[in-house]
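Accompanying notes for the structure given below.
The values are calculated or read from the model by the stated rules, or taken from the named source; none is laboratory data. Computed from a predicted model, the values in this text were never measured in an experiment. For neighbour counting, all protein chains shown are included, and Cβ atoms are generated from backbone atoms with ideal geometry for every residue, glycine included.
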Amino acid sequence: MNDRKDITTLADIQLLVNTFYGKIRADSLLGDIFNGIIKDRWPEHLEQMHRFWQTVLLEDYTYYGSPFPPHARLPLEQEHFDKWLKLWHETIDEHFIGEKADEAKWRANKMAVMFLSKIDYYRNSSAKPLV
């Protein structure tokens, strides 16, 4: 797209999140996992993700919570995070360009590394994640 711009508004966040999760839901590797857990609660999940990324990227603090615990016991491996990141980067590149777009990619990369590391830890430990 030639008319790409940076991520600057809640509407931009909504476009990014909604498009990204549309790809996730249809993906052969990730779709069954997400659809199986979220079931019919997609509107609530999308709203929560809007608030999360609005807080992270726009510093408009509308998200309160811990993003990791819901993922702690999921059957996720490196390939799942690789696909998640591929779709995230692809979605950003389709719609956005700029400093916040780059930050969104960087933060997702860091989050994927952290989540996989913590999942591996809890998978191999008797410890339970804090809620």
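Please determine whether any residue of the range 99-118 is more than 22 Å from ILE7 (Cβ to Cβ) and either modelled with pLDDT of 95 or more or surrounded by 16 or more Cβ atoms within 10 Å (Cβ to Cβ) (or both). Scanning the range 99-118, I find at least one residue that is more than 22 Å from ILE7 (Cβ to Cβ) and either modelled with pLDDT of 95 or more or surrounded by 16 or more Cβ atoms within 10 Å (Cβ to Cβ) (or both), so the answer is yes. Of everything in the range 65-122 that is among the charged types (D, E, K, R) and outside any helix (DSSP H, G or I), the residue that is nearest to ILE24 (Cα to Cα) is GLU77. When the residues of the range 56-80 are filtered to those that are surrounded by 16 or more Cβ atoms within 10 Å (Cβ to Cβ) and modelled with pLDDT of 95 or more, which remaining residue is farthest from ASN109 (Cα to Cα)? The extreme case among them is LEU58.
Using the structure shown, decide if HIS95 is surrounded by 17 or more Cβ atoms within 10 Å (Cβ to Cβ) and over 26 Å from LEU10 (Cα atoms). No, not satisfied. Considering the range 10-55, the residues that are among the β-branched types (Val, Ile, Thr) and surrounded by 13 or more Cβ atoms within 10 Å (Cβ to Cβ) include one that is nearest to GLU99 (Cα to Cα), namely ILE13. Among the residues of the range 88-103, those that are more than 10 Å from the chain's Cα centre (by Cα) and closer than 17 Å to GLY22 by Cβ comprise HIS89, GLU90, THR91, ILE92, ASP93, GLU94, HIS95, PHE96.
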